[in-house]
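In what follows, a structure is listed as structure tokens, so that the remarks can point back to it.
The values are calculated or read from the model by the stated rules, or taken from the named source; none is laboratory data. These figures come from a predicted structure and were not determined experimentally. Cβ placement follows ideal geometry from the backbone for every residue including glycine, while neighbour counts extend to all protein chains displayed. Note: areas computed on protein heavy atoms with side chains; ligands, DNA, RNA excluded. Shrake-Rupley method; radii C 1.70, N 1.55, O 1.52, S 1.80 Å.
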Amino acid sequence: MAGAGEARIETVDGAVARLAVRRGSWLVGRGPDAHLRLHSDQVSLRHAWVRRDARGTWVSDAGSRNGTWVNGRRLAAGQDHPLRHGDRLEFGPVGAVYSDGDSGAAYTRTWQRSSSGGVAFGDVSAGTINNAGRDVNNSYDNRQHHRYEFTTPEGEALSLMATGKGLGRPIMLLGTLMSLVGFGLFASVVFRFMKAGSEAMSAGSFTAPPSLLGPEVFGGVPLGALGFGLFVLGGVVSSIGLVMAKAARERRRRSGRR
């Protein structure tokens with residue numbers, strides 16, 4: 001249970017649930033491993049993450065079905081959003097309030113949705129927050145849901161490489177390393193060829209420059225051809241890892257929504 005001076009997240013709909021937000025990562029969801037467990041069928045098993053470090057407190061959606069909202073704004077999956085005292089959160093239909101223990105303020109925020117779809121904020125005492133929670137919960141079914149995806153394949157690949165789980169991620173890393181090594185080998189051969197040609201022209205010599213494919217290695221295979229082949233093969237391996245990582249992510253999302 002959160003103490004008076006601790007940062008905390010407290011639900012305002014139905015039975016009150018609290019999470020003392022200390023340094024580290026805390027899972028919000030319906031599953032048995034959640035640190036803040038919410039008993040609603042519209043809350044995913046692994047719904048959101050709350051993190052606290054020296055900079056402050058952050059919340060991010062874990063790919064939930066019904067989304068994580070902060071002050072009326074839905075977060076994209078995996079997007080870290082800073083929390084401030086009085087911020088209103090919604091995990092699916094379940095409303096909650098973040099309180100920063102350092103501020104010690106005795107108020108929080110509430111809202112009401114206007115007929116035009118906007119959100120109006122105001123400072124209210126803690127005693128009125130339950131009414132605010134009911135208003136938000138009643139308006140939940142009228143909300144339009146949006147799916148946020150990466151806008152470019154490159155961004156999705158980098159995200160999966162940095163945060164993905166399963167066998168796909170190391171395969172992607174291996175493929176990327178192969179491509180980098182291959183590119184370096186091929187670039188060194190081209191640079192060596194250009195340097196030799198430049199030195200020959202400066203010296204007025206007409207000797208033949210070294211082969212564009214570089215010296216032969218491994219029983220007659222040109223170094224340049226080896227580097228180019230490694231570069232292409234690394235791209236293929238990375239693509240295979242990307243497909244595997246995306247499939248693993250979708251499986252985790254589906255399991256978290258059940």
Handout entry: Selection status of His39, closer than 29 Å to Arg251 by Cα and modelled with pLDDT of 95 or more
Key = no
Completion exercise
Residue hits (region 29-58; touching a Lys or Arg at 6+ places or on another chain (Cβ under 8 Å) and among the β-branched types (Val, Ile, Thr)) are Val43, Thr57
Fill in the blank from the handout: Within region 162-174, of all residues that are outside any helix (DSSP H, G or I) and among the small types (Gly, Ala, Ser), the one modelled with the lowest pLDDT is Gly164
Completion exercise
Taking region 211-240 and keeping only residues that are open to solvent by 50 Å² or more (accessible area, probe 1.4 Å), over 11 Å from Leu185 (Cβ atoms) and part of a helix (DSSP H, G or I), one is left with Val232, Leu233, Val236, Ser239, Ile240
Handout entry: Residues within region 175-203 that are modelled with pLDDT under 85 and open to solvent by less than 50 Å² (accessible area, probe 1.4 Å), tallied
Key = 3
Exercise for the section: For Arg88, state whether it is at pLDDT 90 or above and open to solvent by 50 Å² or more (accessible area, probe 1.4 Å). Expected result: no
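Quickly run through region 14-27 and pick out the residues that are surrounded by fewer than 22 Cβ atoms within 10 Å (Cβ to Cβ) and either within 16 Å of Asp87 (Cβ to Cβ) or under 20 Å from the mean Cα position of the chain (by Cα) (or both).
Arg18, Arg23, Gly24, Ser25, Trp26, Leu27
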Practice task
Look at Glu199 and say whether it is charged (D, E, K, R) and touching a strand residue (DSSP E or B) at 6+ places or on another chain (Cβ under 8 Å).
Solution key: no
Exercise for the section: Could you tell me which numbered condition Ser40 fails, if it satisfies all but one of (1) open to solvent by less than 60 Å² (accessible area, probe 1.4 Å); (2) without any contact (Cβ under 8 Å) to a residue 60 or more places away in the chain; (3) under 17 Å from the mean Cα position of the chain (by Cα)? Expected result: (3)
Exercise for the section: Pick out the one residue from Arg55, Arg30 that is open to solvent by 50 Å² or more (accessible area, probe 1.4 Å), closer than 11 Å to Phe91 by Cβ and of a type in the set (Lys, Arg). Expected result: Arg30
